[in-house]
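The values are calculated or read from the model by the stated rules, or taken from the named source; none is laboratory data. Model, not experiment: these values are computed from the prediction. Glycine also receives a Cβ, built like all others from the backbone with ideal geometry; neighbour counts cover every protein chain displayed.
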Amino acid sequence: MLPLDPHAGTGRRAWVACPNCDDRRGCATCEQGRTCSGHWRYLLSHTGSLLHLQCPSCTHVWSHETGFGATRGPGPAHRIGPGGTPDGSPGP
């Protein structure tokens with residue numbers, strides 16, 4: 001399990017499904033597409049529409065392409081780390 005990134009802070013959050021633990025599954029608020037007070041992700045940084053996130057539940061770190069604004073092209077979520085290989089998980 002990774003430690004929390006030193007840039008992680010509750011002031012910068014995003015509501016995206018974690019591709020590792022999907023801890024929001026079964027949450028009525030999340031399933032309605034609303035912002036839940038318990039199932040958010042740390043927004044570590046972003047480049048245009050590409051978000052760099054960390055899950056506070058399992059500490060998984062990944063990138064998520066939102067498709068909004070200045071996009072970087074279509075594609076699946078990608079892991080950040082050694083090799084930077086795609087994990088093939090679908091977006092929300």
Open item on the list: I need every pair where a residue in region 46-69 that is closer than 10 Å to PRO19 by Cβ has its Cβ under 6 Å from the Cβ of a residue that is modelled with pLDDT under 90 and assigned to a strand (DSSP E or B), sequence separation at least 6 or different chains.
Closed with: TRP62/ARG79
Task: Residue list for region 30-48, restricted to those being part of a loop (DSSP other than H, G, I, E, B) and touching a Lys or Arg at 6+ places or on another chain (Cβ under 7 Å) - done: CYS36, HIS39, TRP40, GLY48
- [ ] Just name the residue that is modelled with the highest pLDDT out of those in region 54-80 that are assigned to a strand (DSSP E or B) and in contact with a Phe, Trp or Tyr (Cβ under 6 Å, 6 or more places away or on another chain).
- [x] GLN54
Open item on the list: For the structure I just gave you, tell me whether GLY26 is modelled with pLDDT under 90 and out of contact with any Lys or Arg (no Cβ under 8 Å at 6 or more places or on another chain).
Closed with: no
- [ ] Filter region 5-29 down to the residues that are touching a residue at least 12 places away in the same chain (Cβ under 8 Å) and not in a loop (DSSP other than H, G, I, E, B), then identify the one that is surrounded by the fewest Cβ atoms within 10 Å (Cβ to Cβ).
- [x] ARG13
Open item on the list: I'm checking my understanding of the structure. Among residues of region 30-55 that are touching a strand residue (DSSP E or B) at 6+ places or on another chain (Cβ under 7 Å) and over 17 Å from PHE68 (Cα atoms), which one is surrounded by the fewest Cβ atoms within 10 Å (Cβ to Cβ)?
Closed with: TRP40
